[in-house]
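I have placed the structure first, in the form of structure tokens, so that the comments after it can refer back to it.
The values are calculated or read from the model by the stated rules, or taken from the named source; none is laboratory data. This structure is a prediction, so every number in the text was calculated from the model and none was measured. Cβ: placed from backbone, ideal geometry, glycine included. Neighbour counts: every protein chain shown. Surface areas here come from the heavy atoms of the whole protein model, side chains and all, with no ligands, DNA or RNA. Shrake-Rupley method; radii C 1.70, N 1.55, O 1.52, S 1.80 Å.
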Amino acid sequence: QVQLVESGGGLVQPGGSLRMSCVASEIIFRLYDMGWYRQAPGNQLELVAAVTSGGGTTYADSVKGRFTISRDNAKNTVYLQMSSLKPEDTAVYYCRISRRLGSVELGDYWGQGTQVTVSS
């Protein structure tokens, strides 16, 4: 069965950095699009960053220039490098993978969610 296991969250001071990882199993990793989402209390779920199976990336305007998404297909891992962190980055972060056939989404899987807290 498919598993997405996240790690790397925790408490960090404003201006600091954090690196999130998400490891997938039981899939042909290179065929999937990958994304990181976050949700703060009372807020909507927000797409933070995404990388397609072809390697293209997109970012939310709020994190452009500060966050970097990357993938290592050999390790079945997607990363989110977060730098210059702000208190408003505080949220539960979720890894998501999805499979497409052209523009049609075939299905998706979610990680367990990991708390990131940016506070002094």
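When Rg and the Kirkwood Rh are both derived from Cα coordinates, the Rg/Rh ratio for segment 44-83 amounts to 0.98. Taking label points 7 Å from Cα along the Cα-to-Cβ direction, ARG66 and LEU31 give a separation of 3.7 nm.
Roughly how many nanometres apart are two label points built 7 Å out from the Cα toward the Cβ at THR58 and SER120? Taking the simple label geometry, THR58 and SER120 are separated by 3.6 nm.
SER84 to LEU47: FRET efficiency via 1/(1 + (r/R0)^6), r the Cβ-Cβ distance, R0 25 Å, to the nearest 0.05? Before the final figure, lay out the partial values.
Numbers: r = 19 Å, r/R0 = 0.78.
After rounding, the FRET efficiency stands at 0.80.
Panel note: the C-alpha atoms of segment 61-104, placed on their principal axes, show extents of 37, 25, 20 Å (largest first).
Could you please state how large a percent of the accessible area of segment 6-120 is carbon and sulfur, counting protein chains only and using a 1.4 Å probe?
In segment 6-120, the share of accessible area belonging to carbon and sulfur is 49 percent.
For segment 12-60, the per residue solvent-accessible surface stands at 51 Å², with DNA, RNA and ligands left out and a 1.4 Å probe. Here LYS75 and LEU11 are evaluated by their C-beta separation; at R0 = 41 Å the FRET efficiency comes out at 0.95. In the elastic network of the chain, a GNM with C-alpha springs shorter than 10 Å, the most mobile of ARG96, ARG71, ARG30 is ARG30.
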